[in-house]
1. Would you mind counting up the charge near residue 30? Only other residues with Cβ under 13 Å from its Cβ, with Lys and Arg at +1 and Asp and Glu at -1.
2. Going by the alpha-carbon gyration tensor, a ≥ b ≥ c the square roots of its eigenvalues, is the chain rounded (a/c under 1.5) or, if a/c is not under 1.5, prolate (a/b greater than b/c) versus oblate?
3. Tally Lys/Arg at +1 and Asp/Glu at -1 over every other residue whose Cβ is under 15 Å from the Cβ of residue 3; what's the total?
4. For the range 2-49, what does the relative contact order come out to in percent, with C-alpha contacts under 8 Å and a separation of six or more?
5. With labels modelled as points extended 7 Å from the Cα through the Cβ direction, what inter-label distance (nm, one decimal) is found for residue 51 paired with residue 37?
6. Suppose every K and R has +1 on its Cβ and every D and E has -1 on its Cβ; what is the size of the dipole of the chain about the Cα centre, in Debye to the nearest 20?
7. Exposure proxy check: 46, 11, 28 ranked by fewest other beta carbons within 10 Å?
8. Place +1 on the Cβ of every Lys and Arg and -1 on the Cβ of every Asp and Glu in the chain, take the dipole about the Cα centre, and give the residue among 22, 41, 8 whose Cα lies farthest towards its positive end.
Amino acid sequence: MEGASRKLGVFAIRMKSDMLAWEEQDGFMVEDKYCIRRGTYCGLIFLLSTRNAE
C-alpha cells in the first residue's frame with residue numbers, strides 16, 4: 001500500500017508480513033491474516049520526502 005501528499009511533500013509505503021490461514025466456519029471458508037500468531041499484526045511504514053528522497 002502506498003500514498004503521497006503534495007502539500008506535505010511526502011510519500012509513504014506500507015509493508016506487511018502477514019501469514020494467511022483458511023478455515024471453515026459455518027460452511028464458509030474464512031481467510032485469517034496474522035503475524036507470528038493469530039491476533040498479532042505487524043507492519044513497517046517507510047516515509048520519504050518527495051523533494052529530496054530522504
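1. Details: positive: 33, 38; negative: 23, 24, 26, 31, 32.
So the environment of residue 30 carries a net charge of -3.
2. Cα axes put the chain in the prolate bin.
3. My count for the surroundings of residue 3 gives +3.
4. 40
5. 4.6
6. 540
7. Taking fewest neighbouring Cβ atoms as first place, the list is 28, 46, 11.
8. Most positive-ward Cα: 8.
Read-outs throughout are calculated quantities, based only on the coordinates presented, and are distinct from any laboratory measurement. Predicted model, so just to flag it, every value in this text is computed and none were measured. Using ideal geometry, Cβ is built from the backbone for each residue, glycine included, and neighbour counts are taken over all protein chains shown.
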